[in-house]
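Novice: I'd like to ask some things about the structure below.
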Amino acid sequence: MDYKVESLRCEYRKNPIGLDVKRPRISWKISSNYRGVVQVAYQIQVAVNDRNLSSVFWDSGKVESDQSVHILYKGPDLSSRTRYYYRVRVWCNDSKVSEWSDVNFWEMGFLDKSEWLGSWITGEFFPKSTNIDSCLMLRKTFTFNKKVRKARLYASALGLYEIHLNGQRIGDWLFTPGWTSYNKRLQYQTYDVTELLNNEVNAIGAHIGNGWYKGNLAFQDQRNIYGQELALLCQLHIIFEDGTEDIVVTDEHWKVATGPVLMSEIYHGETYDARLEREGWTQSDYLDTDWAGVKVIDHSKDVLIAQENMPTRVIEELNPASIIRTPSGETVLDIGQNMVGWIHFKVNGVRGKKITLQHAEVLDKEGNFYVGNLRAAKQTINYVLKGGGEEEYEPYFSFYGFRYVKIEGWPGEFDLNDFTAKVIHSDNQITGTFVCSDHMINQLQQNIVWSQKGNFLDVPTDCPQRDERLGWTGDAHVFMRTASFNMNTALFFTKWLRDLKADQLPNGGVPHVIPHVLRDEDHSSSAWGDAAVIGPWTLYVCYGDKRILEEQYESMKDWIEYIRNQGENEYLWNTGFHFGDWLGLDAKEDSYEGATPKDLIATAFYAYSTHLLGEIARLLNYNGDAEKYVLLHHNILDHFRNEFTTSNGSLIANTQTAHVLALMFDLLQIEDRPKVADALANLIIENNIHLTTGFVGTPYICHVLSRFGYSDLAYKLVFQKDYPSWLYSINKGATTIWEHWDGIKEDGSFWSDDMNSFNHYAYGAVGDWLYRSVAGIDTTISQPGYKHINISPSFEKELSWVKASYESMYGTIRSEWKKLSKGMEISLAIPPNTKATVILKGISNREIIERDDSVIIDMEGLLDWNFDEGNITLQLGSGEYNFII
Ligand code: BGC
């Protein structure tokens, strides 16, 4: 057997710098051309600042274990700002040892807050005028004359920052320091700037904008939510060849000015006067005599934490598809894709000429530019030319949800080549692919991915265009599993869940949006607040990450205890405000709330979250709690049944969502479930095979149908093309998932102005069903994170082939099936150090052979098999398999 250790990761990242995790975890993949590879032991070696590992700082020794993800570093305490090189080798089931892996590293940031020597600095003019719209520019020069060995810059801001050294922008990260619950947790970023320093005089310059910190945020017309003053904190450590060190920090010696960015707001866009540019302001020879002095402000450094998630970047660029002249005479650029990011443009014109770019998602019925659904968000760029040749511009601290851009004041002829659309989102690794024989389903999958891109800009948002763009908890947790197929979301959601915990109310309640920025909230909603439990659990299931459960344990408990204190008795949640089955189609006229009783929904989620908490307590060996929550769960179930089912076990509420929740969360007696599933199927059939479900029921409806033997009906629902259905929006030209089933109605008119996002991932949660049911790729709860894989595709008549893959922590899982003129072809990949249970439904007493004609029972990698009730079940070791049936 031959195998290699590769793709080393520390805390999910390749060679991260600036970590503040005191005991980081290491993961790797094993690659092999052989089948049935299982790791039986590993060894990790770590060295300090020594790429060759000539002197080993920590050696795990040979550890007998099949664990290859999240191995805890157990060596001596780590030091701040130190680099640790590491390598791994493994023994597999043939007992041979692999070669050492390539050497990778991680580097620590600050482990002690007292290491922050710099001060928070701002312009002298704050807070006298807190409504200064201009971005701040801050700069300082410094000198040294020794040879630099390495240099690291640590930076954060109250506001958003970008930073330059000697005329060059440092790194390509956007929207730093990211969005967290700033007054409790504020990220700093670490940059390797060794190559950017000059030998003598140097200049550092930072640009700061309002961003989430102090700009207009949330729909309640709020500003300055986190503070009044923009400020910068940075610290540059320069280590010279002779071993000495210089530290340059933010202090009272910096200078400040305003410049061309006269206004920059997340929702509203930017106003930029190129005539006010300060050419060369981040270079050392720039004359800053007219700049003002800075003021040191008192702001906590205890809240500083290292960057936790993947950075936001420009991930791709699109060329606009066309320029349109609308019936009312507007000039509009069509990107061809609803997206999030901005336009980079090149322009040539006279000094003082003003150009306006306004961004929108859709055109109206007549084909005119439409901004009604943006509500108060202006999404507008006002640019004033400096003149004298070609000039280029793209925004600094604002982003736009758009497909169409209305342009006014453009000098001269339009050339599409002068515009590039830059797509911006958190740089989460793409991990999933799903394609099939139906082009509309493929478009649906694309739309889901685009809505994920558009709403994963540092926090999971509901929508990216109107005056909202907030971390709505309900939307986030229903979409999490789908999102985690499409991309690796472990760090993204870990950061967000830590904010959830930080923002939890003293009584355990969970704010509707995280980070918490809505005013006047004193009651949490069921199904939304349950993100506190369902969120960490989903990460555990997808990534086998137990640390997130440990970290969030108290937060989960607080949420359950919050609920326990709400109801008229401790086993029912039948009080207070809830969003209910938000946007359900069985809502009363003029209501957003579907017909399913809110106390049924609230008690259903209470039961489910309590069940998960019991499981989690057991996993973490909190045995007392495990018993307590198992008992609580039983009592909630009893009350649910008493309250919401008839004496013969049927549901009282005759809605699709009520049936879906009761079945999805196992709330009914086992013997009653088939009957209730049948009732659900009937409700759907009576509704002409269409949904009535909203945010709560829709994510689970297909799963429930497939699980209870109505896979054909689930397919029919998903393949439905008329309103309401997933494919209806595709027929209407959607390139992202809509908030409403009828965002654009049959006659081309809009559902409404006030709540009509065309980029809202919640209903995209059906993506999880495409992966888990149609392609059939799933993990097991007992060996999560795809250590043990279940593959169980469903072959319904609507599709003739499916190809799906998922890049797990262990390697690529692939499930492909194709109907042949006679029989089927199935092709699978199971990564090394995992095993799979493959269930091929409806296949029995037939010949299943490997592609090379060998009979499967002799097949290498087959661990066990049996035929049962019309299905064949194979237990497989790792490897690539190709079957003909
Ligand atoms: C958001 C939703 C959110 C809801 C709460 C809306 O404004 O866009 O997606 O979950 O409010 O019901």
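Novice: Asn183 - would you say it is touching a Phe, Trp or Tyr at 6+ places or on another chain (Cβ under 8 Å), at pLDDT 95 or above and either surrounded by fewer than 19 Cβ atoms within 10 Å (Cβ to Cβ) or among the charged types (D, E, K, R) (or both)?
Specialist: yes
Novice: Next question. Give, as residue ranges, the strands (runs of 3 or more DSSP E) completely inside the stretch 1-92 that count at least 2 residues that are out of contact with any Gly (no Cβ under 7 Å at 6 or more places or on another chain).
Specialist: 4-10, 25-31, 39-48, 83-92
Novice: Within the stretch 725-742, work out how many residues are buried (at least 19 other Cβ atoms within 10 Å of the Cβ), under 17 Å from Trp582 (Cβ atoms) and either more than 24 Å from the chain's Cα centre (by Cα) or without any contact (Cβ under 8 Å) to a residue 60 or more places away in the chain (or both).
Specialist: 1
Novice: Here's another thing I want to ask about it. Considering only the stretch 724-746, how many residues are part of a loop (DSSP other than H, G, I, E, B) and either modelled with pLDDT under 95 or not aromatic (Phe, Trp, Tyr) (or both)?
Specialist: Qualifying residue count for the region: 15.
Novice: Also, I was wondering about something else. Condition check: touching a residue at least 24 places away in the same chain (Cβ under 8 Å), of a type outside the set (D, E, K, R) and surrounded by fewer than 16 Cβ atoms within 10 Å (Cβ to Cβ). Does Ala292 satisfy that?
Specialist: Spelling it out, Ala292 is indeed touching a residue at least 24 places away in the same chain (Cβ under 8 Å), of a type outside the set (D, E, K, R) and surrounded by fewer than 16 Cβ atoms within 10 Å (Cβ to Cβ).
Listed here are the residues, each with its yes/no results for (1) over 10 Å from the mean Cα position of the chain (by Cα); (2) within 16 Å of the ligand (Cβ to nearest atom); (3) under 26 Å from Thr433 (Cβ atoms).
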site: Asp458; (1), (2), (3): no, no, yes
site: Cys463; (1), (2), (3): yes, yes, yes
site: Gly471; (1), (2), (3): yes, yes, no
site: His477; (1), (2), (3): yes, yes, yes
site: Asn488; (1), (2), (3): no, no, yes
site: Leu497; (1), (2), (3): yes, no, no
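Novice: I would also like to ask the following. Within the stretch 515-539, can you find the residues that are part of a helix (DSSP H, G or I) and within 15 Å of the ligand (Cβ to nearest atom)?
Specialist: Ala531, Ile534, Gly535
Novice: Still on this model: What is the one condition in (1) in a loop (DSSP other than H, G, I, E, B); (2) in contact with a strand residue (DSSP E or B) (Cβ under 8 Å, 6 or more places away or on another chain); (3) modelled with pLDDT of 95 or more that Phe414 does not satisfy?
Specialist: Unmet for Phe414, out of (1) in a loop (DSSP other than H, G, I, E, B); (2) in contact with a strand residue (DSSP E or B) (Cβ under 8 Å, 6 or more places away or on another chain); (3) modelled with pLDDT of 95 or more: (3).
Novice: Does Tyr34 qualify as being farther than 30 Å from Gly205 by Cβ, touching a strand residue (DSSP E or B) at 6+ places or on another chain (Cβ under 6 Å) and hydroxyl-bearing (Ser, Thr, Tyr)?
Specialist: So Tyr34 does not fit the description; no.
Novice: Search the stretch 785-807 for residues that are aromatic (Phe, Trp, Tyr) and pair each with any residue that is at pLDDT below 95 and assigned to a loop (DSSP other than H, G, I, E, B) when their beta-carbon atoms are under 9 Å apart and the residues are at least 6 apart or on different chains.
Specialist: Close Cβ pairs satisfying both conditions: Phe795/Lys841; Phe795/Gly842; Phe795/Ile843.
Novice: Across the stretch 817-833, which residue is nearest to Tyr42 (Cα to Cα) among those that are touching a residue at least 24 places away in the same chain (Cβ under 8 Å) and either of a type in the set (D, E, K, R) or in contact with a helix residue (DSSP H, G or I) (Cβ under 7 Å, 6 or more places away or on another chain) (or both)?
Specialist: Glu825
Novice: Quick test of your reading of the structure: Phe492 fulfils all but one of (1) surrounded by 23 or more Cβ atoms within 10 Å (Cβ to Cβ); (2) away from the ligand (no atom under 16 Å from the Cβ); (3) assigned to a loop (DSSP other than H, G, I, E, B); (4) not basic (Lys, Arg). Name the failing condition by number.
Specialist: (3)
Novice: Please determine, by comparing only the residues of the stretch 5-37 that are buried (at least 17 other Cβ atoms within 10 Å of the Cβ) and among the acidic types (Asp, Glu), which one is farthest from Pro311 (Cα to Cα).
Specialist: It comes out as Asp20.
Novice: Within the stretch 540-596, track down each residue that is within 15 Å of the ligand (Cβ to nearest atom), among the aromatic types (Phe, Trp, Tyr) and assigned to a loop (DSSP other than H, G, I, E, B).
Specialist: Phe577, Phe579, Tyr592
Novice: When the residues of the stretch 848-885 are filtered to those that are among the aromatic types (Phe, Trp, Tyr) and surrounded by fewer than 19 Cβ atoms within 10 Å (Cβ to Cβ), which remaining residue is modelled with the highest pLDDT?
Specialist: Among those residues, the one meeting the criterion is Trp865.
Novice: While we're on this one: Quick one: Phe577 ticks every box in (1) without any contact (Cβ under 8 Å) to a residue 24 or more places away in the chain; (2) under 26 Å from Ser757 (Cα atoms); (3) touching a His at 6+ places or on another chain (Cβ under 9 Å) bar one, so which box is it?
Specialist: Condition (1) is where Phe577 drops out.
Novice: Tell me, please, whether a residue that is within 16 Å of the ligand (Cβ to nearest atom), within 22 Å of His516 (Cβ to Cβ) and either surrounded by fewer than 24 Cβ atoms within 10 Å (Cβ to Cβ) or not small (Gly, Ala, Ser) (or both) can be found in the stretch 438-450.
Specialist: No, the stretch 438-450 contains no residue that is within 16 Å of the ligand (Cβ to nearest atom), within 22 Å of His516 (Cβ to Cβ) and either surrounded by fewer than 24 Cβ atoms within 10 Å (Cβ to Cβ) or not small (Gly, Ala, Ser) (or both).
Novice: Do any helices (runs of 4 or more DSSP H) entirely within the stretch 600-715 hold 1 or more residues that are buried (at least 17 other Cβ atoms within 10 Å of the Cβ), away from the ligand (no atom under 16 Å from the Cβ) and acidic (Asp, Glu), and if so, which?
Specialist: Of the helices (runs of 4 or more DSSP H) lying wholly inside the stretch 600-715, those with at least 1 residues that are buried (at least 17 other Cβ atoms within 10 Å of the Cβ), away from the ligand (no atom under 16 Å from the Cβ) and acidic (Asp, Glu) span 623-644.
Novice: Tally time: how many residues in the stretch 207-264 are closer than 23 Å to Thr180 by Cα, assigned to a loop (DSSP other than H, G, I, E, B) and away from the ligand (no atom under 16 Å from the Cβ)?
Specialist: 12
Novice: Let me ask something else about it. Scan the stretch 538-549 for residues that are surrounded by fewer than 24 Cβ atoms within 10 Å (Cβ to Cβ) and among the hydrophobic types (A, V, I, L, M, F, W, C) and jot them down.
Specialist: Result: Val541, Ile548, Leu549.
The values are calculated or read from the model by the stated rules, or taken from the named source; none is laboratory data. Bear in mind the structure is a predicted one, so any value in this text is a computation, not a measurement. Methodologically, a virtual Cβ is constructed for each residue, glycine included, from the backbone with ideal geometry; neighbour enumeration extends over all protein chains shown.
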